[in-house]
Amino acid sequence: DVAGFYRAFNMKVRSERPDHVVAQLEFLAGALLVEAEQIEADDADGAEVATQAIRNFVRDHVGRWVTAWAGRVAAIDELQPWAGVARLAAELLGVEAAARNVVPLADTLMLVADAGLADPLEADLECGDEFDLAAELGLP
């Protein structure tokens with residue numbers, strides 16, 4: 001559950017769906033900031049929790065679909081002004097995944113538009129195996 005990552009970092013999504021690209025990229029930026037702050041504060045345990053959460057988030061969520069999403073944005077004429085931003089997001093995620101030695105999970109994930117659904121709310125979207133992030137990271 002992507003919202004579990006947000007709760008674990010005390011972050012909330014306002015006005016967007018929790019699985020929206022903006023929400024996921026904003027969470028990742030916030031988690032990277034938390035990790036950097038923990039490293040700067042010499043808090044090895046806190047930094048490790050943040051590092052593991054980032055690795056899991058990239059592997060299980062945003063890293064799974066961002067490249068397909070960027071390709072889809074590039075293929076839609078009306079979205080051309082955003083194609084460079086989408087491509088950059090995918091490239092940055094690729095760099096982050098490689099730097100952390102993370103291989104995003106591959107599955108039969110299909111973007112809503114590619115599934116032939118006109119309305120994203122018609123989609124039955126699910127992420128990978130659900131887990132208790134707080135328990136996985138050893139948090140109370």
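The values are calculated or read from the model by the stated rules, or taken from the named source; none is laboratory data. Note that the structure is a prediction, hence the values are computed from the model and not measured. Neighbour counts are summed over all protein chains in view; Cβ atoms, including those assigned to glycine, are modelled from backbone coordinates with ideal geometry. With ligands, DNA and RNA removed, areas are computed over all heavy atoms of the protein, side chains included. Shrake-Rupley method; radii C 1.70, N 1.55, O 1.52, S 1.80 Å.
Surface composition of the range 1-99: carbon and sulfur make up 56 percent of the accessible area, probe 1.4 Å. With a Förster radius of 41 Å applied to the C-beta separation of residue 33 and residue 75, the computed FRET efficiency comes to 0.80. Working note: Cα gyration tensor of the range 25-112, eigenvalues times five, square-rooted, sorted largest first, giving semi-axes of 28, 14, 9 Å. Restricting the range 8-62 to trypsin sites (Lys or Arg not before Pro) that sit in a DSSP loop and have at most 10 other Cβ atoms within 10 Å of their own Cβ leaves 12, 14. Taking the alpha carbon gyration tensor of the range 1-66, multiplying each eigenvalue by 5 and rooting it gives semi-axes of 21, 12, 9 Å, largest first. Which FRET efficiency, nearest 0.05, do residue 52 and residue 88 yield, Cβ-Cβ r, R0 35 Å? Once the sixth-power term is evaluated, E becomes 0.85.
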